[in-house]
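As structure tokens, the structure follows; a few thoughts come after it.
Where a number appears in this text, it was derived from the coordinates with a stated rule and is not lab data. Note that this is a predicted model, so its numbers are computed, not measured. With ideal geometry, Cβ positions are generated from the backbone for all residues, glycine too; neighbour counts draw on all protein chains shown.
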Amino acid sequence: MSDGLDGLLARRLKQQTLLGQYLDPIADKLLLSTVFLVLSIVHKIPWKFTVMVFSRDICILLVSAVLYAIAGLRDFRPSIFGKANTFAQLAAVVFVMLLQVHYVKWVWVAEKTFLRATFAFTIVSALHYVYLVGRRLHAMSSNTPALPNT
């Protein structure tokens, strides 16, 4: 909640910086990934979910770094599927922890539902990311003039 408030205040007070725009999503992903890791270590989240979350994020980070280095691509806005994935991850973590405090059936159902949603959105958002990168690379190659024959 404090992260959302921080972002809202930065936008409203026009206190956004380029560095903050890069670091904030990285910090968010690190925090959420670390929570998944810790909850897997203490056997509250099955490892398959944590492996999927880390695999997707590491792949996106590596591909982004390569595309930046090779093609100069910088704009990697999250897609609707990426946002849905983050929401599902956050909700899953909340319900996993809530279940430890208050064990009731609806919390257990919510935990299972959001863990499954995390699994599905991780796959869908990764595939969508691959599709978007392919489109951007194709658009870039279409806009570059051909080299003359010499």
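Numbers below:
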item: In degrees, nearest ten, helix 18-41 long axis to first principal axis of the chain (Cα); result: 40
item: Spatially near lysine pairs across the stretch 24-150, Cα under 18 Å, sequence gap of 8 or more or different chains; result: 5
item: Degrees between helix 105-143 axis and first principal axis of the chain (Cα, 0 to 90, nearest 10); result: 0
item: Debye log10 I(q)/I(0) for the chain, one point scatterer per Cα, at q = 0.12 Å⁻¹; result: -0.62
item: GNM top mover of 126, 88, 110 - the chain, alpha-carbon springs below 10 Å; result: 110
item: The chain: relative contact order in percent, alpha carbon pairs under 8 Å with at least 6 residues between; result: 20
item: Mean residue ellipticity (222 nm) of the chain, computed from DSSP H runs ≥ 4 via -39,500 (n - 2.57), nearest 500; result: -28500 deg cm²/dmol
item: Rounded tilt (10° steps) of 80-101 against the dominant C-alpha axis of the chain; result: 20
item: Order of 119, 114 under a 10 Å beta carbon neighbour criterion, fewest first; result: 119, 114
item: Ratio of the Cα radius of gyration of the stretch 1-87 to 2.2 N^0.38 Å, where N counts its residues; result: 1.25
